[in-house]
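Notes for the one structure printed next.
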Amino acid sequence: MNTSVGTLLEALPYIREFHGKTVVIKIGGAAMTDAGLTHDFAQDIVLLRYVGLQPIVVHGGGPMITRLMERLGMDVKFVGGLRVSDQATVEVAKMVLVGKQNKDIVLSLNRHGQSAVGICGDDGQLFRVRKMPTPDDVDLGYVGEIERVNVDLLRNISENYIPVIASVGADMSGQSYNINADEAAGAVAEAIGAYKLVFLTDVPGWLANPDDESSRISLASAAHVRQRLEDLSGGMRPKLAACLHAVESGVPAAHIIDGREPHSVLLELFTDEGIGTKVMP
């Protein structure tokens with residue numbers, strides 16, 4: 001059989017299964033900074049929409065925030081994979097995420113044939129946020145966690161557009177907070193009842209040995225993730241924590257995939273083998 005035809009036939013049952021379902025995809029890492037990969041990502045999202053899925057894109061912009069902070073002579077500090085955020089840091093994050101990254105993704109999706117709308121947690125009161133409690137009495141500053149997601153707003157936008165969400169928001173008093181984009185993606189997936197939650201990152205998936213990219217764990221249960229979570233550090237921890245929370249809250253599956261791989265979203269969702277780590281209840 002012709003390889004291209006075989007690939008299409010392999011994708012067919014997945015397209016049938018996912019038709020009409022909502023997929024929340026968090027873009028980060030090289031997929032946001034490499035022009036070729038950003039182009040591939042936009043094509044993937046547009047294709048999902050054309051074959052009947054409802055994609056919602058959530059993004060951070062950590063490396064870009066760090067670069068701007070360093071140019072401005074500001075201190076950059078992380079605790080447990082989360083950025084310590086004073087008032088000035090939150091302002092920089094809003095400038096980068098809402099003013100630059102969000103619009104770049106929206107323009108890329110528009111250019112590939114599907115209209116996208118960029119929003120952040122402030123728009124239409126999408127996110128209601130509170131200060132994130134932290135263990136060990138470490139004050140992360142204005143780092144927030146999401147209390148509520150305005151699902152009606154997302155559903156209304158998704159009828160005709162692809163929502164692109166920047167991970168900032170505010171509390172009831174109007175205080176702005178930086179929100180970890182992985183947590184934001186998980187909160188959106190849970191609130192809207194997504195069928196899939198997908199994280200693009202710069203590693204092949206969850207690695208049993210962080211120094212060995214061939215040690216990818218292709219399938220993990222929620223119990224396995226919970227057992228190992230306390231031993232993890234760095235950026236993988238919030239991603240796996242968001243996967244765990246999502247699948248325990250009703251999302252059927254969460255995926256961590258390598259955004260450095262061209263068309264990684266399609267390869268993970270529409271092929272038998274997949275390319276990343278799949279977390280299931």
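No lab work stands behind these numbers, since they all come straight from the coordinates. For clarity, every value in this text was computed on a predicted model and none was experimentally measured. As a convention, Cβ positions derive from the backbone with ideal geometry for all residues, glycine included, and neighbour counts pool all protein chains shown.
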Most mobile of Ala166, Ala187, Ala223 in a GNM of the chain (Cα contacts under 10 Å)
Ala223
Cα Rg, Dmax (largest Cα-Cα span) when computed across the stretch 157-281, Å
15.0, 48
Computed on Cα atoms, the radius of gyration and Dmax of the stretch 81-137 in angstrom are 14.8, 48
Expressed as a whole number of Å, what is the distance separating the alpha-carbon centroids of the stretch 249-270 and the stretch 154-176?
23
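Starting from the Cα-Cα distance between Asp272 and Glu17, subtract it from 0.36 nm times their residue separation and give me the gain in nm to one decimal. If you can, show how the numbers build up before the last one.
Details: separation 255, 0.36 × 255 = 91.80 nm, distance 1.32 nm.
Working it through step by step, the gained length comes to 90.5 nm.
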What list of ³J(HN,Hα) couplings, whole Hz, do you get for the stretch 84-97 from phi and the Karplus terms 6.51, -1.76, 1.60, once you set θ to phi - 60° and write x for glycine and proline?
5, 10, 7, 4, 5, 5, 4, 5, 5, 4, 5, 4, 6, 6
Isotropic mean projected area of the C-alpha convex hull, the stretch 39-153 (nm²)
8.5
Would you compute, for the Cα atoms of the chain, the largest minus smallest coordinate along each principal axis and list the three values in descending order, in whole Å?
59, 41, 35
Can you tell me the Rg and Dmax of the stretch 30-91, counting just the alpha carbons, in angstroms?
15.9, 47
Run lengths n ≥ 4 of DSSP H only: what is the helix-derived mean residue ellipticity at 222 nm for the chain, with -39500 (n - 2.57) per run over all residues, to the nearest 500?
-12000 deg cm²/dmol
I need the P(r) histogram for the stretch 156-222: all alpha carbon pairs, bin width 5 Å from 0 out to the longest distance, whole percents.
3, 12, 15, 20, 17, 13, 11, 5, 3, 0
Please list 6-16, 61-71 highest first by mean number of surrounding beta-carbon atoms within 10 Å per residue.
61-71, 6-16
Report the number of Lys pairs in the stretch 1-159 whose alpha-carbons are under 19 Å apart, with separation of 8 or more residues or on distinct chains.
7
Report Rg(Cα)/(2.2 N^0.38 Å) for the stretch 65-107, keeping two decimals.
1.22
Per residue, what volume in Å³ does the convex hull of the Cα atoms of the stretch 67-218 enclose?
157
Whole-angstrom gap from the stretch 81-125 to the stretch 12-80, using each part's C-alpha centre:
11
Considering the zone a paramagnetic label at Lys103 would reach in this model (a point 7 Å from Cα along the Cα-to-Cβ line), which residues of the stretch 17-33 have amide N under 19 Å from it?
32-33
Check Asp86: other-chain or 5+ apart residues with amide H under 5 Å from its amide H, H built from backbone geometry?
Tyr142
